[in-house]
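Have a look at the structure below before the remarks.
Rule-based calculations on the coordinates, nothing more; no lab input. None of the values given here were measured: they were computed from a predicted structure. Cβ: placed from backbone, ideal geometry, glycine included. Neighbour counts: every protein chain shown.
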Amino acid sequence: MKKEFDELKRLIDKQDKLLLEAKNLLEKKENEKRTSILRLIDLEINEIKRNFKDINTNIRKVVEGMSLGKGRQNQKKEIKKEIKDGEDLRKFKKELGINLSVLKEIYKQDRIKKERKTKKPSSYVKIANKLFLNISRELHNKKLFESLEKDLLKANINIMPTSYISVILFTTLISFFIALGIFLFFLFFGIGQAPEYIVILKEGYAKRAVGLLWILFLVPVITFISLYFYPSAEKKALEARINNELPFAAINMSAIAGSMLEPTKIFQIIVNTGEYEYIEKEFKKLLNLINVYGYDLVTALKITASNTASQKLSELFNGLATTISSGGNLREFFSRRADTLLFDYRIEREKHTKAAETFMDIYISVVIAAPMMLMLLLITIQISNLGLNITPLALSLLMVLGVSVVNILFLAFLHLKQPEGG
């Protein structure tokens, strides 16, 4: 009996601490103006509410397990009734000393309807698997695409490694036929001047075929290499996006860690906020390992750390696993890590600002000044009759085309170098 009463006392003490934490959060909510912080406070209060109900359920089980005598059945009913009344909003209100309207807002059930998105397999992937699945499995079993498999996992590309290998092979095969079409076109046709831009060639096929053979190899090779390294490029892009969200997520996690919630709930609250699009996916990986696969938090943190695209997030997970194992202060850990990440974030922003100034100087020199000087040079050569036979219209079209291509390449380069959210 003593064991049951000790457990009952422990649960009630835990409830008292939850009530005190809820009261502090409500006081903080009254003085807070920022919407993001208010949302976090509401999520913490909802977690406290769920924990409070779970403790009540455990108290009920402890009481029902007590071996009370027949003469004390009425006492047992009174205890159960008192515990049930402890869930009543009015008693909760009296202990917290808050308005009933505020308490009803806390206890209001948040029924969030989540739409289940059913992703149907792509027809393109289906065809690729039908043609190359057996070959893909053999290549995968020989571990010829081991690095590709890791990049797919870290880049959060939702496709099986064998299916992606099939897509690479199928797309490369298609690119070969496209290259064959280009080869045949330039074998029998040529590009002429107006009014006939396409000219039919009637001789010299063998010589032209030898000169055009590189097309049959170059296009499929470029296609294969591009698809092979695409997951790696996507992983790097995802790493940059995660690193831009991480300092602010760490600040919120530091605030949440100050409550009495278990560490797993910290990640659940961040996911529920919906403010961190890319970190949310990494946290869902972690929660799935715990809730679906049954791993403990420390093991799940280490596994997720090895499967994330961001090195900084990996260090955060590993550091958190060490802190939990050693019994360290989570709030202090997140606070120090948030300061470090925020400092790195500011340094990166300054680097991008300096780089943008350099790119502006390069753009003025290459895209504006260079074409003007080149056009003047070509006009001078044409006037001097040095053998350059270009009409003014062709010269203008050439310069416009050159400037357009350089602008497109420069914009693509800037887009790749631009930090996420910048």
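Going by Cα centres, the stretch 273-335 and the stretch 133-206 are how many Å apart?
Taking the Cα centre of the stretch 133-206 as reference, the centre of the stretch 273-335 is 40 Å away.
If I model a spin label as a point 7 Å beyond the Cα along the Cα-Cβ vector, how far apart are those points for Leu144 and Glu203 in nm?
4.6 nm
Spin-label point model (7 Å from Cα, Cβ direction): what's the Met160 to Asp296 distance in nm?
Distance between the two pseudo-spin positions: 3.4 nm.
So for the stretch 213-306, what are the equivalent ellipsoid semi-axes in whole Å, largest first, each being the square root of 5 times an eigenvalue of the Cα gyration tensor?
Result for the stretch 213-306: semi-axes of 38, 16, 9 Å.
Under a plain spin-label model, where a point goes 7 Å from the Cα along Cα-to-Cβ, how far apart in nm are Ser326 and Leu218?
That separation, rounded to one decimal, is 5.8 nm.
In the structure shown, do any of Lys235/Lys302; Lys29/Lys354; Lys29/Lys312; Lys14/Lys312 have a Cα-Cα gap over 30 Å, and if so which? Before the final figure, lay out each step's value.
Numbers: Lys235/Lys302 19 Å; Lys29/Lys354 41 Å; Lys29/Lys312 32 Å; Lys14/Lys312 35 Å.
Checking Cα-Cα distances, Lys29/Lys354; Lys29/Lys312; Lys14/Lys312 exceed 30 Å.
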